[in-house]
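The values are calculated or read from the model by the stated rules, or taken from the named source; none is laboratory data. Here the structure is a predicted model, which is why all the values come from computation and not from measurement. Cβ atoms come from the backbone with ideal geometry, glycine included; neighbour counts cover every protein chain shown.
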Amino acid sequence: MTKQTTLTKADLIEEVLRITELPRKESETIVETIFDSIIGALQKGEKIEIRGFGSFRTRERRGRVGRNPKTGEKVEVPAKKIPFFKPSKELKDFVNSAEAQASAAAPAGGDSPRA
């Protein structure tokens, strides 16, 4: 199994900077504006749909009775909203085709190619 890398907000800013050749401050503003817009819409209960990528919305998690793991005491856990992302069919297909290509490119069984 290969080690997974993590794409951070700083990486996204670097990518915007590289592609657009805008100053760093403007690239940061672009990425921050996108994230702030998504967060603001979710706070208002709106659904965000990005064609070819997926949709963001909130789901309601019911209240329940939980237990404090330290004392075993019953604790009321209130209902809350949680953010939910549903990938589009195009994104799912793209991710799966990329995985298929990567596994096909890797040598099977550790055999080394012959010269």
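Under the condition of being in contact with a Lys or Arg (Cβ under 8 Å, 6 or more places away or on another chain) and not polar (S, T, N, Q), which residue from segment 49-62 is surrounded by the most Cβ atoms within 10 Å (Cβ to Cβ)?
Residue satisfying both the conditions and the ranking: Phe56.
Which of the residues spanning segment 2-17 are surrounded by fewer than 10 Cβ atoms within 10 Å (Cβ to Cβ) and among the charged types (D, E, K, R)?
Result: Lys3, single match.
Regarding Lys25, is this residue free of Cβ contacts under 8 Å to residues at least 40 places away in the same chain, more than 30 Å from Lys92 (Cα to Cα) and part of a loop (DSSP other than H, G, I, E, B)?
So Lys25 fails the test.
Quick check on my filter: what residues within segment 31-48 are loosely packed, with under 10 Cβ neighbours inside 10 Å and either part of a strand (DSSP E or B) or not small (Gly, Ala, Ser) (or both)?
Across segment 31-48, the qualifying residue is only Lys44.
Give the residue, chosen from Leu17, Leu42, Leu12, that is touching a Pro at 6+ places or on another chain (Cβ under 9 Å), of a type outside the set (D, E, K, R) and touching a residue at least 12 places away in the same chain (Cβ under 8 Å).
Criteria check complete, one pass: Leu42.
In segment 29-70, how many are farther than 21 Å from Thr8 by Cα and among the small types (Gly, Ala, Ser)?
Number of matching residues: 5.
Here is a yes/no grid of residues against (1) modelled with pLDDT under 90; (2) of a type in the set (Ser, Thr, Tyr):
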{"site": "Lys47", "(1), (2)": "no, no"}
{"site": "Phe56", "(1), (2)": "no, no"}
{"site": "Val65", "(1), (2)": "no, no"}
{"site": "Gly72", "(1), (2)": "no, no"}
{"site": "Val77", "(1), (2)": "no, no"}
{"site": "Ile82", "(1), (2)": "no, no"}
{"site": "Ser88", "(1), (2)": "no, yes"}
{"site": "Ser103", "(1), (2)": "yes, yes"}
{"site": "Arg114", "(1), (2)": "yes, no"}
